[in-house]
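Only one structure is covered here, and it is reproduced in the block below.
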Number of protein chains: 4
Amino acid sequence: MSSRFGNNVTFSVFGQSHSEAIGVVIDGLPAGEAIDMQQVQAFMDRRAPGNRPSDTPRREADVPRVLSGLVHHVTCGAPLCAVIQNTDTHPEDYEKLRDIPRPGHADYPLRVKFQGFQDIRGGGHASGRLTAPLCFAGAVCAQILARKGIELVARIVEMGDVKAAAFTGDSVGGVIECEARGLPAGLGEPMFGGVENRLAAAIFGIPAVRGIEFGAGFAAARMKGSEHNDAYRLEGEQVRTATNHHGGVLGGVTTGMPLVFRIAIKPTPSIARTQTTVDFARNRETELAVGGRHDVCIVPRVVPVAEAVTACVLLDLLLDAKGVF
Amino acid sequence: MSSRFGNNVTFSVFGQSHSEAIGVVIDGLPAGEAIDMQQVQAFMDRRAPGNRPSDTPRREADVPRVLSGLVHHVTCGAPLCAVIQNTDTHPEDYEKLRDIPRPGHADYPLRVKFQGFQDIRGGGHASGRLTAPLCFAGAVCAQILARKGIELVARIVEMGDVKAAAFTGDSVGGVIECEARGLPAGLGEPMFGGVENRLAAAIFGIPAVRGIEFGAGFAAARMKGSEHNDAYRLEGEQVRTATNHHGGVLGGVTTGMPLVFRIAIKPTPSIARTQTTVDFARNRETELAVGGRHDVCIVPRVVPVAEAVTACVLLDLLLDAKGVF
Amino acid sequence: MSSRFGNNVTFSVFGQSHSEAIGVVIDGLPAGEAIDMQQVQAFMDRRAPGNRPSDTPRREADVPRVLSGLVHHVTCGAPLCAVIQNTDTHPEDYEKLRDIPRPGHADYPLRVKFQGFQDIRGGGHASGRLTAPLCFAGAVCAQILARKGIELVARIVEMGDVKAAAFTGDSVGGVIECEARGLPAGLGEPMFGGVENRLAAAIFGIPAVRGIEFGAGFAAARMKGSEHNDAYRLEGEQVRTATNHHGGVLGGVTTGMPLVFRIAIKPTPSIARTQTTVDFARNRETELAVGGRHDVCIVPRVVPVAEAVTACVLLDLLLDAKGVF
Amino acid sequence: MSSRFGNNVTFSVFGQSHSEAIGVVIDGLPAGEAIDMQQVQAFMDRRAPGNRPSDTPRREADVPRVLSGLVHHVTCGAPLCAVIQNTDTHPEDYEKLRDIPRPGHADYPLRVKFQGFQDIRGGGHASGRLTAPLCFAGAVCAQILARKGIELVARIVEMGDVKAAAFTGDSVGGVIECEARGLPAGLGEPMFGGVENRLAAAIFGIPAVRGIEFGAGFAAARMKGSEHNDAYRLEGEQVRTATNHHGGVLGGVTTGMPLVFRIAIKPTPSIARTQTTVDFARNRETELAVGGRHDVCIVPRVVPVAEAVTACVLLDLLLDAKGVF
């Protein structure tokens, strides 16, 4: 179950940074939904590297090819598989890293887990490149959600100083806020099937995410009940809250208020500066300056990814059966 | 899937605050594990109310009764079911809340979700009382983990002023840090089956949790890569990191360093102070002061619950098959 | 996942033949469904031993006690847990079987699987006694299905000569046919989520089931396409088939015709006649005549169990989301 | 979950008969397993049409292309995705079937399920063509199983008269027996996670399977306990049974004896002979003779498919964690 999420609609991601292709199988999409591929491409282009000074110089067209699941651009109820070719690969950048794990990357634990058989090229399956198929999936789901009146947006609310970091061969992180409007009240299952549980389980699949908080989040821990509780009020027939410290979800279930959560993105672990690590071949410590092509800051590129994963989870939540029995 | 978590060993929680009993079914425990019921009781007593000035006056003995799964106190491979009677119930406290949702509680979204059929007494299935069976489950798992050399501890790292809050009829929250030592490197599946994903999905099942962060967490977003990356070093045969900003998990997989994460607990939503809400029976706004018996601050009682859920997830992770094929 | 089935509504069975109690947790029932407990009891009484000459002399009242999930006999959306006490236990009957596996029972493979820690009393968790909570669950689901116009019936279509078998200390088996009427067309997911897949996966959880066939089943293998294909016809607005060799399901999806399948029940493995087995304590072969209290033929008692499991699976299928999005 | 099976290792199948490609994602394969692609191709060639007089004239090279999951032909722990192009498609054969469901096919229930949006070309996702990626997956798993000493074989044990059927424009079915040798005792979970449950759930994903029986199967229903029970005996250190009516599995768990089961395959529903069906466009009954290219009997082609699915399920069973904790 490593590379899959979702209950009613499932998203199975495959591929490695330098494998022939990467992609996703989406199983359980409702039939009859028209998918505008230009919109999908536009969504994916937001993630693609190369548009910002903070981005990696690696260039990939990231044009998804749909192998199945659509008939004349309309979902047919069969699993939708989309693949994206890897073209601009420089595997030789990585061979020297076979026995030298990069600090801050998953190289070492994956080496242990897979007994040295993991794909070391570009981080393999743990690469941020795997967020490209996530964006494809999210772009598809967002179109379906939009028809139900649900709109998503993510934005950077905090980010380090990219220019200074680039100048010193360093990297920075940041915080992204996601918001979804138009969700009906009553989505989400109690306890472990709640909105937070399912969103968090999926969001931590985005590389570099180190935390997630809903509504007031960690700040809530410093508030009093009388401050944090959101008073209910009536707006015509609608039940609303005067404030939204709860972030649109109480007890795992949506209230109809905007869903709001934030995620913490760590600084890119690949940096040009020298770091201490170990050399397994020589069984000793060594110094490493990571070459290859990397982002100084991935936060801007994570914005559409966070939106995408959120869209996937929200569609999954909408497809829960019990509310509609 | 609402009230269940775990892949290899699953934990199915049942009960409502004022139902006859609450409990848990644990399916998939390894056979042959002796369970010391006194230790289990001692663990559960840490969660039981009444030991601190911040606690609810509700008194429950919280003595679990094991119906199945043990033979002479040893796991036999069959599902273990434990039940805890609800005895000190005052359902009459809640009848007036049928049409008046309490701010900060799940009353309103559950009313929508279950079309008014949800159990309103004491929060029903969404009550913090459901953490008692979680503590039972965690106490069982912690004993098995201890035999594998894995120790868990949770502690309060931040908490509001309980005395002042009690005096003003208000409530406070706090932050809890969990730490697990002795985990082998290589636990956790890539992407969506990682340690963070599975811990977060379970931890958000604890009522009042609003955020989770691993290692440096949100603070990582403000660090530079050169600060945040943990240098590797050799301690004899062991690979360690000089610092532990990564909190023991990289790319979803354990590194062998202590697993560290923090969770944000919101202030108890039940407060004596008057709040604004709606009265569905009269279709108008109204004022509410929540009666019944409540905790001024649940943070101390969540400490063993957080340990318990962590123990459950870590045992589940240990039982992943691939590492041992 | 050993003792659980269902996707939208899950059924977690617990208990052993001679544990304090057995039971089931049903998670995901729609809220607002009234459950008539007298009807449930009447359903369960059909399974209870003692009503037929072929039955075991063991007597159990089999009165389920609902611990959670109902409020005034109406489902509230929280998991429903029901327990049944084990009272008429004779564990001493089994002690001598600790090292001597009974032929035809799961004693030997479970001994290997659980390294000798399995509950040997009365077959432990593998006992037919575990079908009592299945009947409870099925009785609940059948009431909900009936309100949707879906009726179930199972019947014996083949059975050995019980009297002769009892006289010679032997046992017999038989074949049961299940039929469900009133199912809408379009239930079931393609490939591995189809009606047959999900029914078969659950039905093989009933002890002693050795085969399952849908519609014409194995006889279909001997028919020609022109004989086996069911011609479509119109009955007013309704699409029907002239015959029902397909048993109401094509490609995993219901057609609206009656769902028909048959299951093969092996002869009760516990027989008074002497059999050859091994004695692990002495590491040699030995002779065994199984004492205790057993059914000469369990087929009549499996009839309500088959109905029950079918009801559970059909409710689960009805709750699939996609058809109603 | 429609097109996926497996717990520890999962198999997600995608594609339609006339989509650009079909394929499978295998997630959870152990790392470090060398895969011989020539052996895989040889396995797939056994399923490919065109080698027998009973086969469809459709010609597909069925050369799988591995997009991910292998590094130098060795599994790397990341999901393995293989795709097979669809080349010899004649979609025009099917346009006239849009409103006229073929008897014995899933056309009608899928039309209802997917509100007319299903892919009608060649049966879409319900086509037997989807067994090609299953064969790929099975071929991979069989290589891993072989290294563990587990060998699989399937064979036809009953088949109709192909020549006569072809002559009369009709079709025939048959029965296939599968056998696996070398399985250790103790595989499989009790109740709903047993070998039969998991095999049946997967096997019914093969189009045209109408029944499955283990060991003596339906014949067991006609045996006495003294005949059907398999006596245990010792062969050196090994526990064996004198006969194998139980088919290698008792109570859902393997005994170490050969696993034996049989599946019933219905006659190919596509036949040249005229059949009665309905025309939804005209809302009346009509006559239909199915054109296109079809197999008179698919039983020989199902043989490797049954082996393949069995290999997948057995590898999944071997990866269950509890036995190795």
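The values are calculated or read from the model by the stated rules, or taken from the named source; none is laboratory data. Source: prediction; values computed, not measured. Please note: Cβ atoms are built from the backbone with ideal geometry, for glycine as well, and neighbour counts cover all protein chains shown. Accessible surface is based on the protein model in full, side chains and every heavy atom, while ligands, DNA and RNA are left aside. Shrake-Rupley method; radii C 1.70, N 1.55, O 1.52, S 1.80 Å.
The range D:183-210: which residues show an accessible-area loss of 30 Å² or more, assembly versus chain alone, 1.4 Å probe? Those residues are D:ALA185, D:GLY186, D:GLU189, D:PRO190, D:MET191, D:PHE192, D:GLU196, D:ASN197, D:ALA201, D:PHE204, D:GLY205, D:ARG210.
Please compute, for peptide A:272-281, the average count of beta-carbon atoms on other protein chains lying within 10 Å of each residue's beta-carbon. Kindly include the intermediate steps, with their values, before the conclusion.
Working: counts 2, 4, 1, 6, 7, 7, 6, 2, 2, 0.
That average works out to 4.
Candidates A:PRO269, A:VAL153, A:PHE214 compared by Cα position along the dipole of the range A:4-318: farthest toward the positive end lies A:PRO269, with charges placed on Cβ.
Mean residue ellipticity, 222 nm, helices only, chain B: the sum of -39500 (n - 2.57) across DSSP H runs of n ≥ 4, divided by residue count and rounded to 500, is -7000 deg cm²/dmol.
Can you give the average number of partner chain beta-carbon atoms within 10 Å of each beta-carbon in peptide B:169-175, as a whole number? Provide the component values of the computation, followed by the final result.
Values: counts 2, 6, 6, 6, 10, 3, 4.
Per residue, the average neighbour count from other chains is 5.
Could you compute how much accessible area chains D and C hide from each other, both sides summed, with a 1.4 Å probe? Nearest 100 Å² is fine.
On the way: alone 16030 and 15970 Å², together 24330 Å².
Its buried surface, counting both partners, is about 7700 Å².
Compute, for the protein assembly as shown, the length of the dipole vector about the Cα centre, with Cβ point charges of +1 (Lys, Arg) and -1 (Asp, Glu) only. Units Debye, rounded to 20.
Values: 132 positive and 140 negative charges, 0 e Å.
The dipole of the protein assembly as shown has a size of about 0 debye.
Remark: for residue pairs D:LYS163/D:LYS266; A:LYS148/D:LYS96; A:LYS224/B:LYS113; C:LYS148/D:LYS113; B:LYS113/C:LYS148, the C-alpha separation exceeds 23 Å in A:LYS148/D:LYS96; A:LYS224/B:LYS113.
When chain A is modelled as a GNM with alpha-carbon springs shorter than 10 Å, which of A:ILE206, A:ILE100, A:ILE120 fluctuates the most? Fluctuation is largest for A:ILE100. Using alpha carbon centroids, what distance separates the range A:11-75 and the range A:251-265, in Å? For the range A:11-75 versus the range A:251-265, the Cα centre distance is 26 Å.
Under the rule a/c < 1.5 gives rounded, and otherwise a/b versus b/c splits prolate from oblate, where does the range B:128-239 land using the Cα gyration tensor?
Details: a/c = 2.05, a/b = 1.37, b/c = 1.50.
Because a/c hits 1.5 or more and a/b fails to exceed b/c, the range B:128-239 counts as oblate.
Expressed as a rounded percentage, what relative contact order does chain A have, with Cα pairs under 8 Å and six or more residues apart?
Details: 675 pairs, mean separation 75.9, N = 325.
Result for chain A is 23 percent.
Between A:ASP45 and B:ALA166, the simple label model (points 7 Å from Cα in the Cβ direction) yields a spacing of 6.2 nm. Computed over the alpha-carbon pairs of the range A:79-145, the distance histogram in 10 Å steps reads 18, 40, 27, 14, 2 percent, short to long. Dimensions of the range B:4-318 based on its C-alpha atoms, expressed as ranges along the principal axes with the largest first, amount to 70, 53, 36 Å. At the residue level, D:GLU235 shows approximately 90 square angstrom of accessible surface with a 1.4 angstrom probe and all protein chains present. The distance linking the range B:140-156 with the range A:94-152 is 31 Å (Cα centroid to Cα centroid, whole angstrom). Phi angles across the range B:37-45 convert, under the Karplus curve 6.51 cos²θ - 1.76 cosθ + 1.60 with θ = phi - 60°, into 3J(HN,Hα) values of 6, 5, 4, 4, 4, 4, 4, 5, 5 Hz, Gly and Pro given as x.
The 3J(HN,Hα) values that the Karplus relation (6.51, -1.76, 1.60; θ = phi - 60°) gives for the range A:303-316 are, in residue order, 3, x, 5, 5, 4, 5, 5, 4, 4, 4, 5, 5, 5, 4 Hz. Gly and Pro appear as x.
In this structure the amide hydrogen of A:GLU33, modeled in the peptide plane, comes within under 5 Å of the amide hydrogens of A:THR75, none closer than 5 places in sequence on its chain.
Can you give the convex hull volume of the alpha carbon atoms of the protein assembly as shown per residue, in Å³? Don't skip to the end; give the middle numbers.
Details: hull volume 209.1 nm³, N = 1300.
Dividing the Cα hull volume of the protein assembly as shown by its residues yields 161 Å³.
Taken per residue, the accessible surface of the range A:4-318 reaches 31 Å², heavy atoms only and a 1.4 Å probe.
Note on the range D:173-325: dipole from Cβ charges, positive end direction compared against D:LEU288, D:LEU319, D:ASN197; the farthest Cα belongs to D:LEU288. Of all the options B:ASP36, B:ASP107, B:ASP119, the one that moves most in a Gaussian network model of chain B with Cα springs shorter than 10 angstrom is B:ASP36.
Taking every residue in B:227-239 and counting other chain Cβ atoms within 10 Å of its Cβ, the average works out to 6. Please check: in the Gaussian network model of chain C (C-alpha springs, under 10 Å), which one of C:THR277, C:THR268, C:THR75 has the largest mean-square fluctuation. Greatest mean-square fluctuation among the candidates belongs to C:THR277.
The phi torsions of the range C:162-171, fed into the Karplus equation with coefficients 6.51, -1.76 and 1.60 and a -60° offset, translate into couplings of 5, 4, 4, 5, 4, 4, 9, x, 10, 8 Hz, rounded to whole numbers, with Gly and Pro shown as x.
The dipole here belongs to the range D:4-318: it is taken about the Cα centre, uses +1 on the Cβ of Lys and Arg and -1 on the Cβ of Asp and Glu, and is about 340 debye.
At 1.4 Å probe size, with the rest of the protein present, what percent of the exposed accessible area of the protein assembly as shown is carbon and sulfur atoms? Carbon and sulfur atoms account for 51 percent of the accessible area of the protein assembly as shown. In the assembled protein chains, B:ARG181 presents an accessible area of approximately 130 Å² (probe radius 1.4 Å).
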